[in-house]
Amino acid sequence: MKTNNLMLFSFAAVVGLCFAPMSHAFSYTVDLQQTAPNKITATGSGSLDLAGLTFAGTSSTVDLIAGENTASNTGEYFLSTGSGSYDEYTGITGTAADFGGGTASEIGTGSGDFVGINTFSDDLFVPTGYTGGTLNSSATFTGDFGTLRLVDGTSFTYNLPSGDTFTIDVGNVAATPEPGSLVLLGTGLLGFAGVVRRRLS
């Protein structure tokens, strides 16, 4: 009886892991790396569903990685590229701490789609006319993590009403296990239960 209960528990665990809610298919992640004493590179990729956001207009490029707000001294901008115009949307929610907060760093070189975020007012920036699809961008900034008040290994996540996320990873951020890894774990548990059953038979 105990063996059957163990098998049933293991099977339920595997099924639960396989059908548990998985992360939304769309998200945009920016990887920030300190590649030299006075050089930061930003690489962004992903897709965003803008449903539920409010369109606030079209503007020209803001060339900042972290802006200095003179009133509150908090980080104001993160932008992964600095060319072209962008559409601005409101309605995202972010982490308690604003991104950055140090001396503003102007973009050196940038390429790809214009994607960014204002962590002070929680606004999202996407290429003008963007309605969906894959976004890719990169940029190089003058500065370092210390100047921008960033800590290696930290991550900042902002949520869209659609369930998508905009994440900024600073330096070496620990990876989150993917759903496939959880399924493998569940399969391993099921196999272990089978071994136990044979030994108890």
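The values are calculated or read from the model by the stated rules, or taken from the named source; none is laboratory data. Since the structure is predicted, the reported quantities are computational estimates derived from the model, not experimental observations. SASA here: full protein model, heavy atoms, side chains in, ligands and nucleic acids out. Shrake-Rupley method; radii C 1.70, N 1.55, O 1.52, S 1.80 Å.
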Given (1) modelled with pLDDT of 90 or more; (2) farther than 18 Å from Leu53 by Cα, index of the condition Gly143 fails: (1)
Wholly within the stretch 96-150, strands (runs of 3 or more DSSP E) carrying at least 3 residues that are open to solvent by 50 Å² or more (accessible area, probe 1.4 Å) and of a type outside the set (D, E, K, R): 107-112, 134-142
